[in-house]
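Student: For reference, the structure I am asking about is given below.
The values are calculated or read from the model by the stated rules, or taken from the named source; none is laboratory data. Small disclaimer: the values here were computed from a predicted structure and weren't measured. Every residue, glycine as well, gets a Cβ built from its backbone with ideal geometry; the counts of neighbours run over all protein chains shown.
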């Protein structure tokens, strides 16, 4: 007899912002049945139109799904989505798997796992890097924490959303790895912006500058993807300034706990706080340029 094909799991998706909307779309495009929920229902409409089913609460999503993904904003949002009165765990049951793709505190990932375990719910933390471009193109880097068997179960789904998926270790390890990622991005972003300020004041053709340095030792994702946006004065979000401030704050908090001094990160954190204080919290991370331009009294634009 020919074995019957294994049925696809029903997926849940909570959080349909700049990145989550596209990550969920890729799963829909592969034919998965998806139950979706979001704090703002209108943001989920493109997914509902594409075939997803709307649910009013995270608990309702959990009751219908076998694997629930979350991609929300801040640690407080994650805590409410998982541990609130209408949270995932209130609708959870034995065998449910949750995958939090939000960047949040490693300690919160561990707290959720501890609350889920008595219910027979297994948890994975899988924060991502790659911004809106990576989410739209399914080219994300995904950093995974959780037990090996659970990670193996969700791996085929993660592979639909990303190109680089690495299991880092137990629950919380994915979040710690994402902090390493954000520390690097903080350093590269200030380098990109300062380079453009310098080149502008020196009278260089900045598009030619980018052509040269992007292919050399200075080459990096931020230089390739965000520097051209800066030259176009495009500060639309691929990743919100306010979310990056949150991430750097988590990294600094963890660094203090580990008795580490990270002065470069602390400086960039302060500069981004300046951007947010001047109304740029919902801009993209390339808006760091606005703080540096203010300090030097320049406005960087490409050559005419």
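Student: Please work out which residue is surrounded by the fewest Cβ atoms within 10 Å (Cβ to Cβ), limiting yourself to region 104-161 and to residues that are at pLDDT 95 or above and on the phi > 0 side of the Ramachandran plot.
Tutor: Ranking the candidates gives 120 first.
Student: Could we say that residue 287 is surrounded by 17 or more Cβ atoms within 10 Å (Cβ to Cβ), over 22 Å from residue 108 (Cα atoms) and without any contact (Cβ under 8 Å) to a residue 40 or more places away in the chain here?
Tutor: So residue 287 does not fit the description; no.
Student: Follow-up. Of 171, 209, 133, which residue is over 20 Å from residue 22 (Cβ atoms) and part of a helix (DSSP H, G or I)?
Tutor: None of the others qualify; the one that does is 209.
Student: Among the candidates 16, 49, 53, single out the residue that is surrounded by fewer than 18 Cβ atoms within 10 Å (Cβ to Cβ), in the same structural domain as residue 82 (by TED's automatic domain parsing) and within 20 Å of residue 98 (Cβ to Cβ).
Tutor: Result: 53 is the single residue among 16, 49, 53 that is surrounded by fewer than 18 Cβ atoms within 10 Å (Cβ to Cβ), in the same structural domain as residue 82 (by TED's automatic domain parsing) and within 20 Å of residue 98 (Cβ to Cβ).
Student: Residue check: is residue 191 under 29 Å from residue 114 (Cβ atoms) and either in contact with a helix residue (DSSP H, G or I) (Cβ under 9 Å, 6 or more places away or on another chain) or buried (at least 22 other Cβ atoms within 10 Å of the Cβ) (or both)?
Tutor: no
Student: Any idea which of 304, 277 is surrounded by fewer than 13 Cβ atoms within 10 Å (Cβ to Cβ), at pLDDT below 95, over 19 Å from residue 180 (Cα atoms) and not assigned by TED's automatic domain parsing to the domain that holds residue 18?
Tutor: Being surrounded by fewer than 13 Cβ atoms within 10 Å (Cβ to Cβ), at pLDDT below 95, over 19 Å from residue 180 (Cα atoms) and not assigned by TED's automatic domain parsing to the domain that holds residue 18 holds for just one of 304, 277, which is 304.
Student: From the list 239, 235, exactly one residue is in contact with a helix residue (DSSP H, G or I) (Cβ under 6 Å, 6 or more places away or on another chain) and farther than 20 Å from residue 296 by Cβ. Which is it?
Tutor: 239
Student: Further question on the same structure: Pairs under 9 Å by beta carbon, first residue surrounded by 12 or more Cβ atoms within 10 Å (Cβ to Cβ) in region 255-270, partner outside any helix (DSSP H, G or I), six or more apart or different chains?
Tutor: Going by the 9 Å Cβ cut-off, the qualifying pairs are 255/261; 255/262.
Student: In addition: Show me the helices (runs of 4 or more DSSP H) found entirely inside region 236-304 where at least 2 residues are under 26 Å from residue 22 (Cα atoms).
Tutor: Correct list: 241-257.
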